[in-house]
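*Asks:* Sharing a structure with you now.
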(Lines give C-alpha, C1' and ligand atoms only; values in the text may rest on other atoms or scores of the structure.)
Protein backbone atom coordinates (compact mmCIF):
# COMPACT_ATOMS: atom_id res chain seq x y z
CA UNK A 1 0.00 0.00 0.00
CA UNK A 2 2.85 2.29 0.86
CA UNK A 3 4.54 1.74 -2.50
CA UNK A 4 1.25 2.29 -4.31
CA UNK A 5 0.70 5.63 -2.49
CA UNK A 6 4.28 6.72 -3.17
CA UNK A 7 4.00 5.85 -6.83
CA UNK A 8 0.66 7.67 -7.12
CA UNK A 9 2.14 10.75 -5.45
CA UNK A 10 5.10 10.72 -7.79
CA UNK A 11 2.76 10.39 -10.75
CA UNK A 12 0.75 13.39 -9.56
CA UNK A 13 3.93 15.45 -9.12
CA UNK A 14 5.03 14.50 -12.61
CA UNK A 15 1.57 15.28 -14.04
CA UNK A 16 1.44 18.75 -12.51
CA UNK A 17 5.04 19.42 -13.48
CA UNK A 18 4.29 18.53 -17.07
CA UNK A 19 1.05 20.50 -16.97
CA UNK A 20 2.88 23.51 -15.58
CA UNK A 21 5.60 23.24 -18.21
CA UNK A 22 2.98 22.94 -20.92
CA UNK A 23 1.10 25.97 -19.62
CA UNK A 24 4.34 27.95 -19.39
CA UNK A 25 5.28 26.98 -22.93
CA UNK A 26 1.85 28.02 -24.20
CA UNK A 27 1.99 31.28 -22.26
CA UNK A 28 5.45 32.04 -23.68
CA UNK A 29 4.33 31.17 -27.18
CA UNK A 30 1.28 33.45 -26.85
CA UNK A 31 3.46 36.30 -25.58
CA UNK A 32 5.88 35.86 -28.48
CA UNK A 33 3.02 35.94 -30.94
CA UNK A 34 1.65 39.11 -29.34
CA UNK A 35 5.00 40.89 -29.77
CA UNK A 36 5.28 39.71 -33.37
CA UNK A 37 1.79 40.98 -34.17
CA UNK A 38 2.55 44.32 -32.53
CA UNK A 39 5.72 44.62 -34.59
CA UNK A 40 3.90 43.69 -37.80
CA UNK A 41 1.18 46.25 -37.18
CA UNK A 42 3.74 48.95 -36.41
CA UNK A 43 5.79 48.18 -39.51
CA UNK A 44 2.94 48.51 -41.97
CA UNK A 45 4.40 49.13 -45.42
CA UNK A 46 7.03 51.55 -44.11
CA UNK A 47 9.46 49.15 -42.45
CA UNK A 48 9.02 45.79 -44.11
CA UNK A 49 12.79 45.25 -44.34
CA UNK A 50 13.24 45.92 -40.64
CA UNK A 51 10.38 43.57 -39.78
CA UNK A 52 11.78 40.81 -41.98
CA UNK A 53 15.29 41.11 -40.57
CA UNK A 54 14.31 41.27 -36.91
CA UNK A 55 11.04 39.39 -36.55
CA UNK A 56 10.79 36.89 -39.39
CA UNK A 57 14.19 35.25 -39.32
CA UNK A 58 16.60 36.81 -36.81
CA UNK A 59 19.78 34.72 -36.58
CA UNK A 60 20.91 33.23 -33.28
CA UNK A 61 24.38 34.52 -32.49
CA UNK A 62 26.78 32.45 -30.34
CA UNK A 63 27.93 33.89 -27.03
CA UNK A 64 31.50 34.10 -28.27
CA UNK A 65 32.04 36.59 -31.09
CA UNK A 66 34.96 35.61 -33.27
CA UNK A 67 37.66 38.08 -34.31
CA UNK A 68 38.00 37.10 -37.95
CA UNK A 69 39.77 38.69 -40.88
CA UNK A 70 37.50 40.12 -43.60
CA UNK A 71 37.06 38.06 -46.74
CA UNK A 72 37.82 39.14 -50.30
CA UNK A 73 35.99 42.15 -51.72
CA UNK A 74 32.79 41.23 -53.57
CA UNK A 75 32.25 42.12 -57.23
CA UNK A 76 31.82 45.85 -57.79
CA UNK A 77 28.38 45.48 -59.38
CA UNK A 78 27.03 44.00 -56.15
CA UNK A 79 27.67 47.18 -54.18
CA UNK A 80 28.38 50.19 -56.40
CA UNK A 81 25.76 52.94 -56.68
CA UNK A 82 26.04 56.56 -57.72
CA UNK A 83 26.06 59.27 -55.03
CA UNK A 84 23.10 61.61 -54.68
CA UNK A 85 21.96 64.87 -53.15
CA UNK A 86 19.14 63.98 -50.75
CA UNK A 87 18.46 67.26 -48.91
CA UNK A 88 19.84 70.79 -49.25
CA UNK A 89 22.61 69.87 -46.84
CA UNK A 90 22.72 66.05 -46.84
CA UNK A 91 24.28 63.80 -49.47
CA UNK A 92 24.33 60.04 -49.92
CA UNK A 93 27.80 58.59 -50.57
CA UNK A 94 26.99 55.00 -49.68
CA UNK A 95 26.60 51.69 -51.47
CA UNK A 96 23.57 49.61 -52.49
CA UNK A 97 23.31 48.07 -49.03
CA UNK A 98 25.32 50.22 -46.63
CA UNK A 99 24.96 53.96 -46.18
CA UNK A 100 27.35 56.83 -45.67
CA UNK A 101 26.00 60.36 -45.33
CA UNK A 102 27.71 63.72 -45.83
CA UNK A 103 26.14 66.52 -43.78
CA UNK A 104 27.38 69.90 -45.00
CA UNK A 105 27.80 73.01 -42.87
CA UNK A 106 29.14 76.54 -43.14
CA UNK A 107 32.58 75.30 -42.06
CA UNK A 108 32.92 71.89 -43.67
CA UNK A 109 31.43 68.42 -43.71
CA UNK A 110 30.38 65.92 -41.07
CA UNK A 111 30.52 62.37 -42.46
CA UNK A 112 28.31 59.73 -40.87
CA UNK A 113 29.56 56.13 -41.24
CA UNK A 114 32.17 54.98 -43.73
CA UNK A 115 31.23 51.68 -45.40
CA UNK A 116 33.78 48.87 -45.92
CA UNK A 117 37.50 49.29 -46.46
CA UNK A 118 37.21 47.99 -50.03
CA UNK A 119 34.60 50.50 -51.26
CA UNK A 120 35.09 53.64 -49.16
CA UNK A 121 37.61 55.12 -51.59
CA UNK A 122 35.29 54.93 -54.60
CA UNK A 123 31.93 55.52 -52.93
CA UNK A 124 32.88 58.15 -50.35
CA UNK A 125 35.90 59.97 -51.77
CA UNK A 126 34.80 59.51 -55.36
CA UNK A 127 31.17 60.22 -54.50
CA UNK A 128 31.95 63.49 -52.73
CA UNK A 129 33.97 64.68 -55.71
CA UNK A 130 31.19 63.75 -58.16
CA UNK A 131 28.79 65.84 -56.06
CA UNK A 132 31.12 68.81 -56.14
CA UNK A 133 32.17 68.40 -52.51
CA UNK A 134 35.78 68.45 -51.31
CA UNK A 135 36.72 65.38 -49.21
CA UNK A 136 39.38 67.48 -47.51
CA UNK A 137 36.57 69.49 -45.91
CA UNK A 138 35.38 66.49 -43.92
CA UNK A 139 36.23 67.71 -40.44
CA UNK A 140 34.38 65.05 -38.43
CA UNK A 141 33.55 61.41 -39.10
CA UNK A 142 30.92 59.96 -36.78
CA UNK A 143 30.90 56.16 -36.62
CA UNK A 144 27.61 54.73 -35.37
CA UNK A 145 29.27 51.46 -34.37
CA UNK A 146 32.52 49.64 -35.03
CA UNK A 147 31.45 46.92 -37.41
CA UNK A 148 33.59 46.64 -40.56
CA UNK A 149 30.75 47.69 -42.87
CA UNK A 150 30.61 51.11 -41.17
CA UNK A 151 34.10 51.80 -39.88
CA UNK A 152 35.98 50.64 -42.99
CA UNK A 153 36.83 54.10 -44.33
CA UNK A 154 37.63 55.76 -40.99
CA UNK A 155 41.39 55.20 -41.24
CA UNK A 156 41.39 56.54 -44.81
CA UNK A 157 39.66 59.76 -43.75
CA UNK A 158 41.87 60.13 -40.70
CA UNK A 159 45.17 59.50 -42.50
CA UNK A 160 44.50 61.39 -45.74
CA UNK A 161 42.46 64.36 -44.58
CA UNK A 162 43.01 64.60 -40.84
CA UNK A 163 39.31 64.09 -40.13
CA UNK A 164 38.43 63.71 -36.46
CA UNK A 165 36.92 60.28 -35.81
CA UNK A 166 34.06 60.11 -33.28
CA UNK A 167 33.04 56.75 -31.82
CA UNK A 168 31.75 55.20 -28.61
CA UNK A 169 34.38 54.16 -26.04
CA UNK A 170 33.52 50.43 -25.96
CA UNK A 171 33.76 50.31 -29.75
CA UNK A 172 37.14 52.05 -29.74
CA UNK A 173 38.14 49.33 -27.27
CA UNK A 174 36.94 46.57 -29.58
CA UNK A 175 38.98 47.98 -32.46
CA UNK A 176 42.10 48.18 -30.35
CA UNK A 177 41.67 44.62 -29.06
CA UNK A 178 41.04 43.14 -32.50
CA UNK A 179 43.89 41.05 -33.84
CA UNK A 180 42.52 39.96 -37.22
CA UNK A 181 39.78 42.42 -38.13
CA UNK A 182 41.85 45.25 -39.59
CA UNK A 183 44.53 43.90 -41.96
CA UNK A 184 44.82 47.31 -43.68
CA UNK A 185 45.34 49.07 -40.34
CA UNK A 186 43.15 50.59 -37.66
CA UNK A 187 42.03 54.17 -37.12
CA UNK A 188 43.76 55.72 -34.11
CA UNK A 189 41.61 56.42 -31.06
CA UNK A 190 40.35 59.98 -31.31
CA UNK A 191 37.09 61.50 -30.03
CA UNK A 192 35.32 59.25 -27.52
CA UNK A 193 31.61 59.98 -27.82
CA UNK A 194 29.50 60.86 -24.77
CA UNK A 195 25.76 60.46 -24.39
CA UNK A 196 24.08 63.74 -25.29
CA UNK A 197 27.24 65.21 -26.79
CA UNK A 198 26.88 67.62 -29.70
CA UNK A 199 29.32 67.49 -32.59
CA UNK A 200 29.16 71.04 -33.93
CA UNK A 201 30.66 72.34 -37.14
CA UNK A 202 29.76 75.87 -38.14
CA UNK A 203 25.98 76.20 -38.30
CA UNK A 204 25.32 72.46 -37.94
CA UNK A 205 25.17 70.12 -34.95
CA UNK A 206 24.65 66.39 -34.51
CA UNK A 207 23.41 65.20 -31.11
CA UNK A 208 24.77 61.81 -30.11
CA UNK A 209 22.49 59.38 -28.27
CA UNK A 210 24.11 56.34 -26.65
CA UNK A 211 22.09 53.29 -27.72
CA UNK A 212 24.14 50.22 -26.79
CA UNK A 213 22.87 46.84 -27.87
CA UNK A 214 23.88 46.25 -31.46
CA UNK A 215 27.39 46.82 -30.13
CA UNK A 216 28.33 47.99 -26.62
CA UNK A 217 29.30 51.41 -28.00
CA UNK A 218 26.55 52.05 -30.55
CA UNK A 219 25.44 55.67 -30.96
CA UNK A 220 22.35 56.97 -32.68
CA UNK A 221 21.88 60.60 -33.69
CA UNK A 222 19.55 63.55 -34.02
CA UNK A 223 20.28 66.29 -36.55
CA UNK A 224 18.57 68.80 -38.82
CA UNK A 225 18.37 68.75 -42.61
CA UNK A 226 16.72 71.23 -44.97
CA UNK A 227 14.32 70.49 -47.79
CA UNK A 228 14.20 73.53 -50.07
CA UNK A 229 14.97 75.59 -47.00
CA UNK A 230 12.43 73.85 -44.74
CA UNK A 231 14.11 72.39 -41.63
CA UNK A 232 13.38 68.75 -40.83
CA UNK A 233 14.67 66.69 -37.92
CA UNK A 234 16.30 63.34 -38.57
CA UNK A 235 16.37 60.40 -36.15
CA UNK A 236 19.34 58.26 -37.22
CA UNK A 237 19.28 54.70 -35.91
CA UNK A 238 22.85 53.64 -35.21
CA UNK A 239 22.41 49.88 -34.87
CA UNK A 240 19.43 47.68 -35.68
CA UNK A 241 20.11 43.98 -36.29
CA UNK A 242 20.42 41.35 -33.55
CA UNK A 243 23.97 40.30 -34.41
CA UNK A 244 25.12 40.45 -30.80
CA UNK A 245 25.45 37.35 -28.60
CA UNK A 246 21.93 36.03 -27.94
CA UNK A 247 21.55 36.51 -24.19
CA UNK A 248 18.68 37.94 -22.17
CA UNK A 249 20.96 40.67 -20.79
CA UNK A 250 21.97 41.80 -24.26
CA UNK A 251 18.37 41.92 -25.43
CA UNK A 252 17.45 43.91 -22.33
CA UNK A 253 20.14 46.45 -23.20
CA UNK A 254 18.94 46.63 -26.79
CA UNK A 255 15.28 47.04 -25.80
CA UNK A 256 16.11 49.83 -23.37
CA UNK A 257 18.08 51.64 -26.07
CA UNK A 258 15.22 51.45 -28.57
CA UNK A 259 12.88 52.98 -26.01
CA UNK A 260 15.45 55.68 -25.25
CA UNK A 261 15.92 56.59 -28.91
CA UNK A 262 12.17 56.62 -29.47
CA UNK A 263 11.83 59.17 -26.66
CA UNK A 264 14.68 61.27 -28.06
CA UNK A 265 13.13 61.25 -31.54
CA UNK A 266 9.74 62.24 -30.15
CA UNK A 267 11.22 65.04 -28.04
CA UNK A 268 13.01 66.40 -31.10
CA UNK A 269 9.88 66.12 -33.27
CA UNK A 270 11.79 63.98 -35.77
CA UNK A 271 9.86 63.33 -38.97
CA UNK A 272 12.69 61.66 -40.91
CA UNK A 273 14.06 58.19 -40.09
CA UNK A 274 17.47 57.21 -41.40
CA UNK A 275 19.94 54.43 -40.72
CA UNK A 276 23.15 52.94 -42.09
CA UNK A 277 21.42 50.09 -43.99
CA UNK A 278 19.00 50.62 -46.86
CA UNK A 279 17.01 47.56 -45.83
CA UNK A 280 15.91 49.44 -42.72
CA UNK A 281 15.12 52.93 -44.08
CA UNK A 282 14.68 52.13 -47.81
CA UNK A 283 17.29 54.78 -48.56
CA UNK A 284 18.22 53.72 -52.09
CA UNK A 285 14.57 53.34 -53.10
CA UNK A 286 13.67 56.75 -51.70
CA UNK A 287 16.66 58.37 -53.38
CA UNK A 288 15.38 57.15 -56.75
CA UNK A 289 12.00 58.67 -55.92
CA UNK A 290 13.51 62.12 -55.41
CA UNK A 291 14.23 62.46 -59.14
CA UNK A 292 10.52 62.23 -60.02
CA UNK A 293 9.19 64.14 -57.03
CA UNK A 294 6.69 66.88 -57.83
CA UNK A 295 6.90 70.28 -56.08
CA UNK A 296 3.67 69.63 -54.17
CA UNK A 297 4.78 66.23 -52.85
CA UNK A 298 6.49 65.68 -49.50
CA UNK A 299 10.08 64.54 -49.48
CA UNK A 300 10.29 60.71 -49.73
CA UNK A 301 12.28 60.60 -46.49
CA UNK A 302 9.76 62.76 -44.61
CA UNK A 303 7.50 60.08 -43.16
CA UNK A 304 6.09 61.97 -40.17
CA UNK A 305 6.54 61.82 -36.42
CA UNK A 306 4.08 58.94 -35.99
CA UNK A 307 5.91 56.75 -38.50
CA UNK A 308 9.28 57.48 -36.91
CA UNK A 309 7.82 56.34 -33.60
CA UNK A 310 6.57 53.13 -35.22
CA UNK A 311 10.10 52.25 -36.34
CA UNK A 312 11.21 51.91 -32.74
CA UNK A 313 8.06 49.94 -31.91
CA UNK A 314 9.12 47.43 -34.56
CA UNK A 315 12.67 47.11 -33.25
CA UNK A 316 11.55 46.92 -29.63
CA UNK A 317 8.73 44.42 -30.16
CA UNK A 318 10.90 42.14 -32.32
CA UNK A 319 13.55 42.24 -29.62
CA UNK A 320 10.96 41.33 -26.97
CA UNK A 321 9.92 38.35 -29.07
CA UNK A 322 13.52 37.24 -29.63
CA UNK A 323 14.27 37.52 -25.91
CA UNK A 324 11.26 35.38 -25.00
CA UNK A 325 12.34 32.74 -27.49
CA UNK A 326 15.45 32.23 -25.37
CA UNK A 327 13.23 30.96 -22.55
CA UNK A 328 11.00 28.83 -24.75
CA UNK A 329 11.34 25.09 -23.99
CA UNK A 330 12.77 23.04 -26.87
CA UNK A 331 10.17 21.26 -29.00
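The values are calculated or read from the model by the stated rules, or taken from the named source; none is laboratory data. This one's a predicted model, so the numbers in the text were calculated from it and none came from an experiment. When we count neighbours, we look across all protein chains shown, and the Cβ atoms used for this are built from the backbone with ideal geometry, even at glycine.
*Asks:* What's the number of the only condition in (1) out of contact with any strand residue (DSSP E or B) (no Cβ under 8 Å at 6 or more places or on another chain); (2) in contact (Cβ under 8 Å) with a residue 40 or more places away in the chain that residue 152 fails to meet?
*Replies:* (2)
*Asks:* Which of the residues that make up region 129-157 are within 23 Å of the chain's Cα centre (by Cα) and assigned to a helix (DSSP H, G or I)?
*Replies:* Of everything in region 129-157, those that are within 23 Å of the chain's Cα centre (by Cα) and assigned to a helix (DSSP H, G or I) turn out to be 148, 149, 150, 151, 154, 155, 156, 157.
*Asks:* So, one more: For region 280-314, what are the residues that are in contact with a helix residue (DSSP H, G or I) (Cβ under 6 Å, 6 or more places away or on another chain) and more than 19 Å from residue 36 (Cα to Cα)?
*Replies:* Selection gives 284, 300, 301.
*Asks:* Which of the strands (runs of 3 or more DSSP E) found entirely inside region 162-251 contain at least 2 residues meeting this: within 26 Å of residue 52 (Cβ to Cβ), touching a strand residue (DSSP E or B) at 6+ places or on another chain (Cβ under 8 Å) and touching a residue at least 60 places away in the same chain (Cβ under 8 Å)? Let's see the steps before the verdict.
*Replies:* Values: elements: 164-168, 191-193, 198-201, 204-210, 219-227, 230-237.
Of the strands (runs of 3 or more DSSP E) lying wholly inside region 162-251, those with at least 2 residues that are within 26 Å of residue 52 (Cβ to Cβ), touching a strand residue (DSSP E or B) at 6+ places or on another chain (Cβ under 8 Å) and touching a residue at least 60 places away in the same chain (Cβ under 8 Å) span 219-227, 230-237.
*Asks:* Can you say whether residue 283 is touching a strand residue (DSSP E or B) at 6+ places or on another chain (Cβ under 9 Å) and buried (at least 21 other Cβ atoms within 10 Å of the Cβ), as far as the supplied structure shows?
*Replies:* Working: touching a strand residue (DSSP E or B) at 6+ places or on another chain (Cβ under 9 Å): yes; buried (at least 21 other Cβ atoms within 10 Å of the Cβ): yes.
Considered against the rule, which asks whether it is touching a strand residue (DSSP E or B) at 6+ places or on another chain (Cβ under 9 Å) and buried (at least 21 other Cβ atoms within 10 Å of the Cβ), residue 283 comes out as yes.
*Asks:* Run down 278, 259, 237, 220 and say which single residue is modelled with pLDDT of 95 or more and more than 26 Å from residue 95 (Cβ to Cβ). Talk me through it step by step, then tell me what you get.
*Replies:* Details: 278 fails: more than 26 Å from residue 95 (Cβ to Cβ); 237 fails: more than 26 Å from residue 95 (Cβ to Cβ); 220 fails: more than 26 Å from residue 95 (Cβ to Cβ).
Residue meeting the stated conditions: 259.
*Asks:* What number goes with the only condition from (1) free of Cβ contacts under 8 Å to residues at least 60 places away in the same chain; (2) touching a strand residue (DSSP E or B) at 6+ places or on another chain (Cβ under 6 Å); (3) farther than 15 Å from residue 144 by Cβ that residue 121 does not pass?
*Replies:* (2)
*Asks:* Condition check: more than 25 Å from residue 62 (Cβ to Cβ) and touching a helix residue (DSSP H, G or I) at 6+ places or on another chain (Cβ under 8 Å). Does residue 231 satisfy that? Explain how you work it out, then say what you get.
*Replies:* Working: more than 25 Å from residue 62 (Cβ to Cβ): yes; touching a helix residue (DSSP H, G or I) at 6+ places or on another chain (Cβ under 8 Å): no.
Answer is no for this residue.
*Asks:* Also: Check off (1) outside any loop (DSSP other than H, G, I, E, B); (2) farther than 30 Å from residue 59 by Cβ; (3) touching a helix residue (DSSP H, G or I) at 6+ places or on another chain (Cβ under 8 Å) for residue 317 and give me the number that stays unchecked.
*Replies:* So residue 317 meets the others, but not (2).
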